[in-house]
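Below is one structure, written out as structure tokens; comments come after it.
The values are calculated or read from the model by the stated rules, or taken from the named source; none is laboratory data. No experiment lies behind these values; they were computed from the predicted model shown. No Cβ is skipped: glycine too gets one built from the backbone with ideal geometry, and neighbour counts run over all protein chains shown. Areas reflect the complete protein model, heavy atoms only, side chains present, ligands, DNA and RNA absent. Shrake-Rupley method; radii C 1.70, N 1.55, O 1.52, S 1.80 Å.
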Amino acid sequence: MVDLESEVPPLPPRYRFRDLLLGDQGWQNDDRVQVEFYMNENTFKERLKLFFIKNQRSSLRIRLFNFSLKVLSCLLYIIRVLLDPPPQGNKWYHIFWVTRCLPLWGLQVSVALISLFETVLLGYLSYKGNIWEQILRIPFILEIINAVPFIISIFWPSLRNLFIPVFLNCWLAKHALENMINDLHRAIQRTQSAMFNQVLILISTLLCLIFTCICGIQHLERAGKKLTLFDSLYFCIVTFSTVGFGDVTPETALSKLFVVIMICVALVVLPIQFEQLAFLWMERQKSGGNYSRHRAQTEKHVVLCVSSLKIDLLMDFLNEFYAHPRLQDYYVVILCPTEIDVQVRRVLQIPMWSQRVIYLQGSALKDQDLLRAKMDDAEACFILSSRCEVDRTSSDHQTILRAWAVKDFAPNCPLYVQILKPENKFHIKFADHVVCEEEFKYAMLALNCICPATSTLITLLVHTSRGQEGQQSPEQWQKMYGRCSGNEVYHIIMEESTFFAEYEGKSFTYASFHAHKKFGVCLIGVRREDNKNILLNPGPRYIMNATDTCFYINITKEENSAFKNQDQLRRNNASRSFYHGPSRLPVHSIIASMGTVAIDLQDTSCRSASGPNLALPPEGSKETRRPSIAPVLEVADTSSIQTCDLLSDQSEDETTPDEDVSTNLEYAKGYPPYSPYIGSSPTFCHLLHEKIPVCCLRLDKSCQHNYYEDAKAYGFKNKLIIVAAETAGNGLYNFIVPLRAYYRPKKELNPIVLLLDNPPDMHFLDAICWFPMVYYMVGSIDNLDDLLRCGVTFAANMVVVDKESTMSAEEDYMADAKTIVNVQTLFRLFSSLSIITELTHPANMRFMQFRAKDCYSLALSKLEKKERERGSNLAFMFRLPFAAGRVFSISMLDTLLYQSFVKDYMISITRLLLGLDTTPGSGFLCSMKITEDDLWIRTYARLYQKLCSSTGDIPIGIYRTESQKLRTSESQISISVEDWEDTKDSKEQSHHRNNHRNSTSSDQSDHPLLRRKSMQWARRLSRKVPKHSGKTAEKISQQRLNLYRRSERQELAELVKNRMKHLGLTTVGYDEMNDRQGTLSYILINPSPDTRLEVNDVVYLIRPDPLAYLPNSAPSRKSSICNTTGPDTREETQL
């Protein structure tokens, strides 16, 4: 066995216990060597080099001293010239010899000695092995010429009066000045100084040329006219300015030669300097220069950070930002890494913007560029993502880095960030305000399916306008629509308000109704002083407090309003006619209004979530008194509030005997157990008791659980909502959640079909498999078969999302080309289908449902141009697809981020309206439809009272649909060619039979393509069968007649039916109705109380939170569903 002790080496002396007690005495015997580093810098030469060259501050002092010596030598030369007596005698003698007094000579010798010593020392320190490189440098040669003769005169006294061209030291002074400025910029870490350096070099070069010429001419003319320094200055200025008076001219040959040399030098040196200066000036114009610290401290400015600046983005920002009066004195500093665009440069040269907008080319990731923009002094920083990129994730990553860089450089600067994808939102939670594009986009698209034109409503609310659009139009609907579009959301403290101060201690609904009745403002929400959460319509149980912040919708904020007394209002009542439409009440409604009714406040029946009960008054009470509406109570009575337990949905689950109590209605209510991304707001939804298998989510593929292969086979009771998208992004989750929110009645839930170009990933399917009636299908809207399989023929809405792969077209506005053409194809194939489209550029909305010969659309196009000329920010609002809510652009919501700088609550209110956030006690947006049985209410004010007194709902606007009025003028006629052809075919059918030739000739003139095809078809028939019997000829003639009479719509319908038969789908349900060309729709936000209600009006409501009305005996039930912590616990509890 090996002895282990002999194998283990002994410890070094310094690690022994004895040495630890006695001290480290054995260190001297240790073999370790102490090494000293950077010994080369301890030499005498390196220390001198560090002091004279390397160290910025000491080098700056040395160069400043050198510059002072050169300037002093030039001043001594001028003094010598002024003290020099007039020359007499031999003229050449005075060129080589001058008169120099002894004190002046001593000063010049001292300066020469110091300068020469410094030059030699710097040459020695800069020596790198080539001595001739140091000797042949022009500064060294000039130093030798100016200093060595003075040193020689010390040892040779007779040379003390020798002429020495000391004035050449001005060039050495210029060289020292350039080095001094470079060291100065190095010392203060200033890098953006090229322009300053070039200007300084140009000025110093020009001064040196003039000074050299002055001194040279003056000295050489000692042998001639004996000019003074002032005469030489006059001659040089006249000569260099190319004026040349001729009164002072050189006389000697040497002076003439010197002038020629100096002019040649000036012609060579100065243009080079000017060229470099012009080049730097152009580069500075491209980069934008700096925003000075003085301006940043005395003026207010905001910084806009973008990756690429387009003219549309810039104008949207500037128009919205400067629309607020208190922002007129602000400056906008644009920080963009790309060179300024030509169109942007042209706009920024307009005087209105050139004085307030500064463009800086630079990156937000560089501290130097952030310093140029004075980010630390900015009032706010807006960081926008580039949505016109194929890789939107990469664009978000750039935005995140910019936000981090700004937060690191200026932690106190408020950040307003736009992000594209919701999964990237949690990286910038530190930002003060964040707008996620896909969240808002899909939520608006979803609400458009159940509350028509929600996208238009939100867009108008977040745009700044005075409601002056359309006031010059002859159309009444355009005046009303334009006037109401000026309504915005404002806020005010209740105790400071004239609108709401008198309602302190009253219920919220009481304050909202009476404020609307008295002032025409719509109170939609409040916020407690000690709470940051905004509550939309907290309901009649909410008691107003003096310190509450009130949020209301009005044309302008209260601070800009003037209040008139009742007499003035009566006098002006006649002039307020644009709100008053003609009363188009049916006869039976007028008769019904003559009766009387009293609403029973004790009615506790559960109200429908789709709208309150606005039935006609009971017939038994018609002969007693006029119909009346219950007053809105100051303090809510518990019995007067119609409530129901939405967790049980007993009223919804009641079915008639002939209905199958199917499992489709057996849903639970709870929070979705799985979210596809971090940062999604939990929403109480309808959920399945058990998640369905992923294979059952595929609509067009059968599996072991079901055998359905198309939407028709499922036998849905409600119409479908189809979403056509390129990929199943996480933002699509926000489309499903609002449509499955707990306050939507179970019987009104529409099946959702996702038509995706690319298969979805598994984590998205795991998120949607808990929602009822949600399916997906891989296909494209380009393919008619895919559309038919997913059930487009019996769909309520078709939502078309702009594809990301087409957003980066070579021509910006062509990014929407594919989407527009596909939607136009859908519009022609399925004319009765409600299509909701999202585009990239708002200007492309004019191509939606495009008809080249629609005169009414052409008239609207002219109106849009006129409104744009008047400076409107909402010139596109009169386009019929936008007004009806059938198309919108997400870029319109950029103004939401800009508005939040002044209204920091706008993002929160918009998220609550769209259902992206749910706050306990806050209401939600919904709608109700006015039927003929509801017209007894008559006016919007009475509807406001009816809703506030019965259900606690707050109406905020009306979506109105009316028929287009045909006018005689061409600009106001709306008639489509297809409709005219169909009408003509039905009326002239007998005429075609009786007079075939005449009808044929007229149809051929109208359809040249059909005429050409029919003639080719007839010739082919004639070639195949040269002779026909009478019956065959009559058959052919009838076929030709039918071909002529077929309209384009009939051909398209026949095509669709043939494809449905080929796919094995039934054609029952394929609607061939007309395409709504006879109607137009628009929105009236917060209309006048006197506005008459019309049939088919859709009223936008903010309904109180139903969970806030649950009985006190059921809090445990609510908490068992809402207050869950872990995912396992949540899933087990709610499902």
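So the values come out like this:
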| item | result |
| --- | --- |
| Within region 548-569, tally of residues that are of a type in the set (D, E, K, R), at pLDDT 80 or above and not in a loop (DSSP other than H, G, I, E, B) | 2 |
| Single condition E389 does not satisfy, out of (1) in contact with a strand residue (DSSP E or B) (Cβ under 7 Å, 6 or more places away or on another chain); (2) open to solvent by 10 Å² or more (accessible area, probe 1.4 Å); (3) part of a loop (DSSP other than H, G, I, E, B) | (1) |
| Condition check for Q276: touching an Asp or Glu at 6+ places or on another chain (Cβ under 9 Å) and touching a residue at least 60 places away in the same chain (Cβ under 8 Å) | no |
| Test: residue in region 63-82 that is part of a helix (DSSP H, G or I), open to solvent by less than 20 Å² (accessible area, probe 1.4 Å) and over 24 Å from L227 (Cβ atoms) | yes |
| Among the candidates E496, E438, residue that is open to solvent by 30 Å² or more (accessible area, probe 1.4 Å) and over 17 Å from A875 (Cα atoms) | E496 |
| Qualifying residue in region 31-46 (condition: at pLDDT below 65, exposed (fewer than 10 other Cβ atoms within 10 Å of the Cβ) and among the aromatic types (F, W, Y)) | yes |
| Scope region 87-140; condition closer than 14 Å to L172 by Cβ and of a type in the set (K, R); matching residues | R137 |
| Tally of residues being part of a helix (DSSP H, G or I) and open to solvent by 10 Å² or more (accessible area, probe 1.4 Å) across region 861-878 | 9 |
| Some residue of region 405-420 being closer than 28 Å to D917 by Cβ and part of a helix (DSSP H, G or I) | yes |
| Enumeration of residues in region 700-727 that are open to solvent by 50 Å² or more (accessible area, probe 1.4 Å) and farther than 15 Å from Y775 by Cβ | Q704, K717, T727 |
| Residue in region 356-376 that is out of contact with any Gly (no Cβ under 6 Å at 6 or more places or on another chain), open to solvent by 70 Å² or more (accessible area, probe 1.4 Å) and closer than 20 Å to H433 by Cα present | yes |
| Some residue of region 1073-1084 being modelled with pLDDT under 90 and under 30 Å from G520 (Cα atoms) | yes |
| Single unsatisfied condition, S900 versus (1) open to solvent by 20 Å² or more (accessible area, probe 1.4 Å); (2) out of contact with any Pro (no Cβ under 9 Å at 6 or more places or on another chain); (3) of a type in the set (S, T, Y) | (1) |
| The one condition in (1) under 20 Å from V1098 (Cα atoms); (2) within 25 Å of the chain's Cα centre (by Cα); (3) outside any helix (DSSP H, G or I) that F882 fails to fulfil | (3) |
| Filter result for V417 (of a type in the set (A, V, I, L, M, F, W, C), touching a residue at least 12 places away in the same chain (Cβ under 8 Å) and open to solvent by 10 Å² or more (accessible area, probe 1.4 Å)) | no |
| Count of region 831-842 residues which are open to solvent by 10 Å² or more (accessible area, probe 1.4 Å) and either modelled with pLDDT under 80 or over 22 Å from the mean Cα position of the chain (by Cα) (or both) | 4 |
| All positions within region 728-760 that are crowded, with 17+ Cβ neighbours inside 10 Å and among the polar types (S, T, N, Q) | N730, N734, N750 |
| The one condition in (1) at pLDDT below 90; (2) surrounded by fewer than 18 Cβ atoms within 10 Å (Cβ to Cβ); (3) closer than 28 Å to D854 by Cβ that P881 fails to fulfil | (2) |
| Residue ID - surrounded by the fewest Cβ atoms within 10 Å (Cβ to Cβ), chosen from residues in region 794-830 that are among the hydroxyl-bearing types (S, T, Y) and modelled with pLDDT of 85 or more | T825 |
| Qualifying position, being closer than 26 Å to K532 by Cα and touching a residue at least 24 places away in the same chain (Cβ under 8 Å), among G470, G505, G486 | G505 |
| Residue in region 149-164 that is most open to solvent (accessible area, probe 1.4 Å), counting only those that are touching a helix residue (DSSP H, G or I) at 6+ places or on another chain (Cβ under 7 Å) and under 16 Å from H94 (Cα atoms) | R160 |
| Residues of region 337-378 that turn out to be at positive phi and among the aliphatic types (A, V, I, L, M), as a count | 0 |
| Of all residues in region 1087-1106 being among the charged types (D, E, K, R) and part of a loop (DSSP other than H, G, I, E, B), the one that is surrounded by the fewest Cβ atoms within 10 Å (Cβ to Cβ) | D1090 |
| Subset of region 321-338 (residues that are over 20 Å from the mean Cα position of the chain (by Cα), in a loop (DSSP other than H, G, I, E, B) and touching a residue at least 24 places away in the same chain (Cβ under 8 Å)) | D329 |
| Within region 677-699, tally of residues that are under 21 Å from R744 (Cβ atoms), of a type outside the set (F, W, Y) and open to solvent by less than 20 Å² (accessible area, probe 1.4 Å) | 5 |
| Qualifying helices (runs of 4 or more DSSP H) (wholly inside region 224-306; at least 2 residues being within 56 Å of the chain's Cα centre (by Cα)) | 253-287, 293-298 |
| Residue within region 765-774 that is closer than 17 Å to K719 by Cβ and of a type in the set (D, E) present | no |
| Some residue of region 147-164 being aromatic (F, W, Y) and either at positive phi or touching a residue at least 40 places away in the same chain (Cβ under 8 Å) (or both) | yes |
| Test result for A515, at pLDDT below 95, on the phi < 0 side of the Ramachandran plot and part of a loop (DSSP other than H, G, I, E, B) | no |
